[in-house]
Structures are given as structure tokens and as C-alpha cells.
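To keep things clear, I will list the structure first and then write my remarks on it.
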């Protein structure tokens, strides 16, 4: 306690923290508070009425379809995290080991793909996944018959788009973690008689956890807000929370409902992350020891 | 070496990286400061107008001559959702805008809501004189207690949009194929607010423009559920819908009508047609949509804004408004018809427009629209 009060009396530290604190307050906490306040208002004839009311929250808790969409969103986000990590880890691992010579060139290619507008990339998938698209042409060429694949306007189509747009995040975070691993530790493991597989699971994987976890969190949070992919590739078969929120704000002009759904999504996302963090913490002996 | 090149070299030699960056930074700050202070880009213009509108109204070929003629700058705020545009104005943005072009039910509401000026039809007698008789003053869809809000600017109809290479128009004399198992996964619904809901409600025997009770709303739910079951995709993007229609992935688009047809027809795809089904159970099955332009009541009551309203409905401008890069639509100005080429008339299905008009309801804000949109959301979630 003593050291805390000392810290807060340190004008240099306060001055250093103040800009960030002000930015967070103005651009995050105040808008969040306003969004929460908005949930207690109502609309009449498409105009906001400042009447303190629990009507919106009653509606949200009494209509199961809101929760169906919210849970589907979290489920899709979790699946997207798993698939993205499964793609990103081997890629990042190859970049730091087998493909080290071409690492820079491959990274440039990945960055180009990453920086290409998501709208373009997502619409591009239509040309690939369409019944008359590239993928079906290829399958037909391989003798699998016409229109062998029909995944455009399905949840699978949505997932492909999400993974394609988001897998690059864990690719880079994992790459950074892997690149920082001391090669001597790996060699020491081999010297101690460990096989390649055992070395991977007992040395490489544990040391790459920071990149793995930060990549997973990035994909999860961004997946929760996925809007373009379900809209363009989902064809209404897998409406996610962002579309529900858009409809509430724009089409229904029900801003309190949109605000409440936003808060629900943030809460569910934060809760999921907290549970995941607790799970990871329990499974990490080093972290437990540090706390003890 | 040419004189100009020598001088350029001297200039460049005198510039190091730091001074260039400083200069650029200064320019950036000046630009940011100017925009922060709300200074208009064209400071030389005598007046500036803020215009909220749909695509097409912002075409330089429409705005530039007016800006030059009236010495005015027009700043555009494009809307993608009429209800959203209304809500934005209702939330206080009406103080910042001078003009609005949106769907007519929303323009009609803006007068009584207090953020659009009522206009005196007599002041626009000259413009009304050029309109088709169907749009003559007093034009009921824009009237409230005998007072008009705005003038009609574009229109069309909502009915099945069919690729006649794959299907006959006769098959779409009703919305029955939407629910027919033979059409399973061949239908596309446009996710455009209430547009796809209204025709399906009409097919279910419910007039969505009247006050609905629980039983009627139950029918709307049933018809939407049945349509969703048979539908391949519900898309909001015009390009995706049009692509699917052209390649035959979609046999018909529901809820878009002429708005997603005419531009394709103008590009030579004249086998794409939007029609209006036959009346069913005494209910006309088509829907006439219309856009209108209104004058926002922001306290300034700009005379130039009123001039723009006359300008936007004039025959030459109406013709340009009809044929835009993204969409092609009909206009209420009869004199504009003479300005269209035969190809453009064909693209706009002008030979069919009054048949569609006769067999359609006029699109207004339905009393139970929020209930129907909520049902749409619920059924979509359960899909």
C-alpha cells in the first residue's frame, strides 16, 4: 500500500500515464458508459426517448433468438481461433526453421495479402467458392463432376472467409515467439536425448505460448465482430452478432436495442476470455509459481 | 538542360529529407486544422450546402453544373439505409443538413417530425407540370394534412427479378415459386430492410400497410419461415445478387425489383426482367417504391437549397439521375422521357411501367414494420 501511494504521488509517472489515461477515458470509457446508458432508453416513431426503462433488457432476456445468435457468434469465433492457430503455427514454425532462407520473401507476400483490403479479399472468395467458381472448375477437372462443392452461402463459407482474413494475426505473433527461442535450448534438449517430437512439445511449444495466446486472443476478439464474411459469404445462413447489431441500429432504428446487444456481446467476449485465461493459468505451472 | 529542369534541380538540392517532412507535416496539420474548424474545401464558394442522399444523386455530372452556376459548394453524406438516415437526422444532424434525398415514406415523415420544411406546391407548379399525371400535385404519398414534404425524384417497382434464359415470366405471375420445392436453393432474397418482407406478406394475404393484429403477424412469420426454407441466400449486396442472377445460380431475386434490374439491362442483359405478379386474393402484389428530395428545416432555410430541389427534378437532371453508374431507375418527369435513347427506355422497362403501377401498392411506412422486422430477425436466427 505504501509503495502504491508513493507511486501515485510521483508527478513524472502521473504525467507519463496521463495521456494514455485521457485517451482511454475519452475514446473508450465514456463511449462505453454512453452505450450502457443508451440501453435504458426507448424509441418511439424512430426517435430516441430519454425515458429510463428496462424494456430493452426485458426483451433481450425474453427473446431466445438474440442468445442463439450471440452463442453462434462465440462458437464461430472459437472455431475460427482453433483453425487459425492450426494453420498459423506450422506456417510460422516453417518460416523460422525449414524456410528460414526465404523467410523475408514469404513474410512480404503474407504482409501484402494482409494489407489487401478485406472487402476485396472476401468478395474474391465468391469467385472461388461459387457453384461456377474456380474451386468447382478444378474439382470438375479432377473428375469429381460439376458443382461438386457447394459451400458458398453456408456457415462453412463464412468460416473460410474469417480464417483467411484472420489467420495472419497468429501467424505473426507465433513467428515472433518462435524466432526469439534460444536455439541452444533446442540443441540442449537433443543432447539430453530427447527426440524431435519431444523437444517440440517440451521446449518449442511451451516457449511459443506468448505468441500463441496473443494470436488466439486477437483472432477471437476480431471474430466476434466479423461482419463482412457472414454478410458476403454466409448468405444469411449464419447471421452473427455484428449483423444483428447493424440491423437493430440501422434497419429497425432501435438504438437502445443495438446498444444493449453490443454490451451483451462485449460481456460474453470478456467472460470467454476470462475463462480461457483462467484455464490457461491453471495449466501453466510457471505462472502459478510466480503468483505464489 | 532546359531552364525549367535546372531550376527544379536547384530547388530539389535545397531540400533535405527533414525539410520535406516538416513541410508535409505542416501541410497535414493545416489541412487537419481546417477540417477540424469545419472550413469548407472550396472557400471561394459563396454558400455551402450539406446534402444527405442515396447513390446517384452525388454524381459530379449532376452536382458540378449547379455548384458552378450558383457559386455553391455541396458536401455529400451518402446513406445506405433510409431508416438510418432518418434516425441520424432525428438524433440532431438535421441542424447540419440542408437537403435530403431518401425513400419517400421517410421524406413524408420528416415534415411532421419537424426536420423537413413543408413546401408549397404552388411554388413548384412549373416542376409538377412536367411530371407524369400519376405524380401530379397534390401528390398524396408526400402529403401530411394537406402539406407536402419534398418532391418525387426516382421510382420503380418491387417484384420478382427473373433471368428469362432460365425461367419464364409466366412462372412468376405469382410468388408461388418462392415456396415451391422445385425452386429450392434457387431463390435469392435481398436483405434490404422491409422490401423483401412486403411482397411475401402480400402473397400470404396480409396487407402490410394496414394495422396488423397478432394473427396477421403470425401469417407474416409463417410466410417468411417458408420462404427462408426454400431460399439459397439472403444477400444485402447488389453485385452478388446480380452475379448470381446472371450465371443462373439464382433463378429469381425477391425484394429488389427494378433497382437491381435496369443497370444490367442497360449493359445488354435484356433477358433480365422485373415484373409484378398478378393480384391475389384482392391484393395487388407489386410495390411501387419512390425516392423523394426534401428541404431540411435547419433554421437557415436556404433559398439555394430550394433552387436545388427545382434543379434535381428538371428534365435534363432527372435523365442523368435515372441513369447512374450503379443503378438505373425511372423518374417522375415526363419531359425527361424524350431525352432517353431507345436502349435506355428498354433498359428501364418503360413499356411496362404503367402496368406495374396499376398492379402495385405504394410503398409507405407500415404501422407494424418494427414487428415485421423483428420477425425477420427471429426467423433468420432460426434458419
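The values are calculated or read from the model by the stated rules, or taken from the named source; none is laboratory data. Because the structure is a prediction, the values reported are computed rather than measured. Neighbour counts run over all protein chains shown; Cβ positions are idealised from the backbone, glycine included.
From the list B:57, B:51, the lone residue that is in a strand (DSSP E or B), more than 14 Å from chain A (Cβ to nearest Cβ), closer than 24 Å to residue B:263 by Cβ and at pLDDT 95 or above is B:51. For residue A:91, the criteria (1) surrounded by fewer than 16 Cβ atoms within 10 Å (Cβ to Cβ); (2) within 28 Å of residue A:220 (Cα to Cα); (3) touching a residue at least 12 places away in the same chain (Cβ under 8 Å) hold in every case but one, which is (1). Evaluation of residue B:88 against the conditions (1) at pLDDT below 95; (2) closer than 20 Å to residue B:313 by Cβ shows that the sole unmet condition is (2). If only residues of region A:234-285 that are more than 9 Å from every other protein chain (Cβ to nearest Cβ) and touching a strand residue (DSSP E or B) at 6+ places or on another chain (Cβ under 9 Å) are counted, the one that is surrounded by the most Cβ atoms within 10 Å (Cβ to Cβ) is A:257.
Restricting attention to helices (runs of 4 or more DSSP H) lying wholly within region A:27-97, give those where 1 or more residues are under 15 Å from the mean Cα position of the chain (by Cα) and within 14 Å of chain B (Cβ to nearest Cβ). It comes to A:64-96.
Are any of the residues in region B:61-84 in contact with a strand residue (DSSP E or B) (Cβ under 6 Å, 6 or more places away or on another chain), within 13 Å of chain A (Cβ to nearest Cβ), closer than 18 Å to residue A:44 by Cα and without any contact (Cβ under 8 Å) to a residue 40 or more places away in the chain? There is no residue in region B:61-84 that is in contact with a strand residue (DSSP E or B) (Cβ under 6 Å, 6 or more places away or on another chain), within 13 Å of chain A (Cβ to nearest Cβ), closer than 18 Å to residue A:44 by Cα and without any contact (Cβ under 8 Å) to a residue 40 or more places away in the chain.
Would you pick out the residues in region B:351-365 that are assigned to a loop (DSSP other than H, G, I, E, B) and in contact with a helix residue (DSSP H, G or I) (Cβ under 7 Å, 6 or more places away or on another chain)? B:363, B:364, B:365, listed by residue number. In summary, helices (runs of 4 or more DSSP H) completely within region A:168-252 and bearing 2 or more residues that are within 22 Å of residue A:96 (Cα to Cα) occur at A:168-179, A:183-191, A:196-199, A:209-224. Among the residues making up region B:311-322, those that are in contact with a helix residue (DSSP H, G or I) (Cβ under 6 Å, 6 or more places away or on another chain) and surrounded by fewer than 21 Cβ atoms within 10 Å (Cβ to Cβ) are B:311, B:315, B:319, B:320. Among the numbered conditions (1) over 28 Å from the mean Cα position of the chain (by Cα); (2) within 14 Å of chain B (Cβ to nearest Cβ), the only one that residue A:195 does not meet is (2). Which one of these does residue B:205 not meet: (1) closer than 25 Å to residue B:243 by Cβ; (2) part of a loop (DSSP other than H, G, I, E, B)? Exception for residue B:205: condition (1).
Among the residues of region B:208-249, those identified as part of a loop (DSSP other than H, G, I, E, B) and more than 10 Å from chain A (Cβ to nearest Cβ) are B:208, B:209, B:210, B:211, B:212, B:213. Checking the stated criteria, residue A:166 turns out not to satisfy the condition of being crowded, with 16+ Cβ neighbours inside 10 Å, closer than 14 Å to residue A:128 by Cβ and touching a helix residue (DSSP H, G or I) at 6+ places or on another chain (Cβ under 6 Å).
Within this structure, residue A:156 passes the test of being modelled with pLDDT of 95 or more, under 21 Å from the mean Cα position of the chain (by Cα) and surrounded by fewer than 21 Cβ atoms within 10 Å (Cβ to Cβ). Condition test on residue B:177, is it away from chain A (no Cβ under 12 Å), under 20 Å from residue A:252 (Cβ atoms) and touching a strand residue (DSSP E or B) at 6+ places or on another chain (Cβ under 9 Å)? No; evaluated as a whole, the condition is false for this residue.
With respect to (1) in contact with a strand residue (DSSP E or B) (Cβ under 7 Å, 6 or more places away or on another chain); (2) assigned to a helix (DSSP H, G or I), the lone exception for residue A:153 is condition (2).
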